[in-house]
Every structure is written in structure tokens, then in C-alpha cells.
Amino acid sequence: DVEEVAIDLGLDVVPVVGRGDLFAAMSMVRSGMRSTWGDFEAEGIVARPTVDLKMQNGSRIITKIKCRDFA
């Protein structure tokens with residue numbers, strides 16, 4: 001488990017804020033979300049599919065949904 005390894009090494013781990021589809025993630029960001037690291041707006045969400053998907057060149061498919069894109 002990545003989280004356990006990071007904790008053992010004394011590294012911060014990005015929290016999982018939810019699970020759902022891409023539209024739910026966009027709605028969460030659009031409505032404004034607070035950071036779990038302090039009292040300020042979160043930068044956004046890094047979303048990845050439940051099952052790893054890869055492009056033809058082998059790179060993983062992930063997306064970043066940023067709060068500033070909905071400002």
C-alpha cells in the first residue's frame with residue numbers, strides 16, 4: 001500500500017477525497033472545495049480511473065481538475 005510506505009518514510013500523502021465519476025469530481029471542484037492541508041481553497045483534484053488505463057504509448061491516463069478553471 002503506497003500510503004503505508006509513504007508514512008513509514010515520513011512523507012506526506014495526498015488524501016483521497018472521494019470516489020465517483022468525472023462529472024461528480026467536476027461538480028465538487030466547481031462548487032468550491034477547501035484544502036485538507038489548511039484553511040484555504042484547494043488547488044483542485046487529481047483524478048484517475050479505478051482501473052489503470054493507458055494510452056497507446058504506455059503512459060497512464062489521469063486528469064487534473066483545477067478550481068481556477070471554474071472561477
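The values are calculated or read from the model by the stated rules, or taken from the named source; none is laboratory data. Just so it is clear, the structure is predicted and the values come from calculations on it, not from any experiment. Heads up, the Cβs are rebuilt from the backbone with ideal geometry, glycines too, and the neighbour counts pull from every protein chain shown.
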Exercise. Could you look through the stretch 12-35, keep only residues that are of a type in the set (A, V, I, L, M, F, W, C) and surrounded by fewer than 10 Cβ atoms within 10 Å (Cβ to Cβ), and pick out the one that is modelled with the highest pLDDT?
Key: 23
Quiz item: Restricting attention to the stretch 50-71, which residues are hydrophobic (A, V, I, L, M, F, W, C), under 17 Å from residue 20 (Cβ atoms) and exposed (fewer than 10 other Cβ atoms within 10 Å of the Cβ)?
Solution: 51
Quiz item: Quick check: is even one residue across the stretch 4-15 under 22 Å from residue 69 (Cβ atoms), in contact with a helix residue (DSSP H, G or I) (Cβ under 7 Å, 6 or more places away or on another chain) and not acidic (Asp, Glu)?
Solution: no
Quiz item: Taking the stretch 36-47 only, how many residues are outside any strand (DSSP E or B) and surrounded by 12 or more Cβ atoms within 10 Å (Cβ to Cβ)?
Solution: 2
